[in-house]
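Read the figures in this text as sums done on the coordinates, not as results from a lab. Just so you know, these numbers come straight off a predicted model, no measurement behind them. Neighbour counts are summed over all protein chains in view; Cβ atoms, including those assigned to glycine, are modelled from backbone coordinates with ideal geometry.
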Amino acid sequence: MKSRKQTDFVDPEGLVLEETVVRINRTSAVVKGGRRFSFSALVVVGNGQGVVGWGFGKANEVPPSVEKAVKDARKRLVRVPLVGTSIPHRMKGVYGAAEVVLVPASPGTGVAAGQAVRAVCDRAGIRDILTKSFGSNNPVNLVKAAFDAIAMMRSAKQCEELRGVSLS
């Protein structure tokens, strides 16, 4: 798999982040006395104004796994370049067998996305977007693919600075 450059990570100090639990998985191990259950949680956090992150946590109970996932998500915050209530351009993200295509939409369209990608868009503050997922429908891979697409997005101003030209 190709390695892609990600945008600068955001310092979580002073940010008010809301969390969305995308998925809780229960696994069991068969031991001498019966089954022993453990839980894993996938969480997306964001401030609704262009900062979003995802985290994964595991524990023997649900609340500690969610807490660990939130703590992990605060370490992976990225800034999303927003143009009004949408994204600057079309982008495709890939993780494993999951592909997510993010397409900017006109104001009033809303968020057309499945559960996992919708959580990412809602926490990031994206209000108008069209999405399509291909391949795997595993929520963990879909969230990672959506973040792959978001991490590669550039605003027009960022492109001008990178190329040293004026786009207008």
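Structure data summary
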{"item": "Sorted by Cβ density within 10 Å, fewest first, the residues M91, M152", "result": "M152, M91"}
{"item": "Computed FRET value (nearest 0.05) for R26 with N137, which takes r as the C-beta separation and R₀ as 22 Å", "result": "0.70"}
{"item": "Check: segment 25-111 dipole with +1 on Lys, Arg Cβ and -1 on Asp, Glu Cβ, in debye", "result": "360 debye"}
{"item": "Helix-only [θ]222 nm of the chain, DSSP H runs n ≥ 4, -39500 (n - 2.57) each, per residue, nearest 500", "result": "-8000 deg cm²/dmol"}
{"item": "Choice from S40, S155, S28 with maximal GNM fluctuation in the chain (Cα, 10 Å cutoff)", "result": "S28"}
{"item": "Stretchable slack from L15 to E161, in nm (0.36 nm times residue separation minus alpha-carbon distance)", "result": "49.9 nm"}
{"item": "Most mobile of R74, R36, R118 in a GNM of the chain (Cα contacts under 10 Å)", "result": "R36"}
{"item": "Exposure proxy ranking, count of Cβ atoms within 10 Å, fewest first, for V117, V94, V21", "result": "V21, V94, V117"}
{"item": "Estimated inter-spin distance, H89 and K58, nm [label 7 Å along Cα→Cβ]", "result": "3.9 nm"}
{"item": "Given charges at Cβ of Lys, Arg, Asp, Glu: the chain dipole, positive-most of A124, F56, V165", "result": "F56"}
{"item": "Too-long pairs where the Cα-Cα distance tops 32 Å, listed order kept, from K75/K132; K58/K157; K75/K157; K32/K75", "result": "K58/K157; K32/K75"}
{"item": "Residue exposure sequence - F56, F134 - by fewest surrounding Cβ within 10 Å", "result": "F134, F56"}
